[in-house]
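Take a look at the structure set out below.
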Amino acid sequence: MLVSLGPHPYDVTHRALVMGILNRTPDSFYDRGSYFDFDDFLRKADQLVADGADFLDVGGVKAGPGDEVTESEELERVVPAVAALSSRFDVPLSVDTWRSTVAEACFAEGAIVGNDISGFADPRYLEVCARAGASVVATHIRLAPRVPDPEPVYDDVVAVVCDFLAARAAAAESAGIPRERIMVDAGLDLGKTEAQSVTLLRRSDRLAALGYPVFLSASNKRFLWKLLDVTVDQAGRGTDAAHALGIGLGCRILRCHDARAGRRVADVMAAVLAAT
């Protein structure tokens, strides 16, 4: 299988790609703004690349509830960041946004992936991505970003998520985005209980059967630290386990806070899968 990040193709038959997470937010669920300062942000980017990240993902608004972040504030957070990374590194760049205006501005500065947790709710999003030659990540969410959803109910969470993502991926193709530039993400913990996230991870093979590269956003998620009965900063081993299981079931892009650990898991799993 091939996945393309913009114009850059990667063979992911056995090898999973590692995306390094860069939060330009003061209230991230994981780092709590520890590298919101721009110099700290750049040092974190240096570390992610040195640790083996294949590409970097810049986000200016956290997914969960919190203080309002206006469009202009999001632009101020992420556009200069993307510009700085583009001049600093020779790795593909992704922007984590559900606003087409923000994606468009970041594409102009060198980003080539639109990572949208809203499932392309903005009607211009796919058009903007197609025009820029960008890749996209279609993510399932039950309500919308920033909206509390503490008790989500599904008749069959796996079927609902797969149907949603098949429709979103088809919409991306209809907008002119090639199939290899479309990734699908189950949206673990986004409008899901811990048990529902576990079920979706365990059935990642159902998502892979859709025929698109599967993007796994499990890193330090709530369902892992609840399973382990630890705090979020102690969920690293759970993240490694989720990554290994996900790769074994067909996931090929790991969105990671710890690129070194993600790279090691991906490399070990690549060797195992290539040997079978």
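The values are calculated or read from the model by the stated rules, or taken from the named source; none is laboratory data. These numbers come from a predicted model, not from an experiment. Quick reminder, even Gly has a Cβ in these numbers, built from the backbone with ideal geometry, and neighbours come from all protein chains shown. Heavy atoms of the whole protein, side chains included, go into the accessibility calculation; ligands, DNA and RNA do not. Shrake-Rupley method; radii C 1.70, N 1.55, O 1.52, S 1.80 Å.
A few notes on this one:
- Per-residue SASA remark: Thr231, around 70 Å² accessible (1.4 Å probe; ligands, DNA and RNA not included).
- When both bridge partners sit in the range 1-148, DSSP labels roughly 20% of those beta bridges antiparallel.
- When His14, His257 are compared by accessible area of protein heavy atoms, the largest-first order is His14, His257, using a 1.4 Å probe.
- Area accessible to solvent at Glu173, 1.4 Å probe radius, in Å²: 70
- Residue-span extension gain [Val232 to Phe38] - 0.36 nm each, minus C-alpha spacing: 67.5 nm
- Taking the DSSP bridge list for the chain and keeping only pairs wholly inside it, about 10 percent are antiparallel.
- Glu151-Ala167 pseudo-label distance in nm [points 7 Å out on the Cα-to-Cβ vector]: 2.5
- Sequence-separation-based contact order of the chain, relative, with Cα cut under 8 Å and 6+ spacing, percent: 21
- Whole-percent carbon and sulfur share, accessible surface of the chain, 1.4 Å: 52
- Per residue, in Å², the accessible surface of the range 172-270 once ligands and nucleic acids are set aside, probe 1.4 Å: 40
- Length added when fully stretched, Ala274-Arg179, from 0.36 nm per residue minus Cα-Cα: 31.8 nm
- For percent of Cα pairs over 28 Å apart, calculated from these coordinates, the label among (1) 49; (2) 40; (3) 27: (3)
- Ignoring the sites themselves, the chain has its longest run without trypsin sites (Lys or Arg not before Pro) in a DSSP loop having at most 15 other Cβ atoms within 10 Å at 125-276.
- Taking the range 165-276 and dividing mean pair separation by its residue count, relative contact order in percent (alpha carbons under 8 Å, at least six apart): 24
- The mean sequence distance of close C-alpha pairs (under 8 Å, at least 6 residues apart), as a share of the length of the range 32-138, puts its relative contact order at 22 percent.
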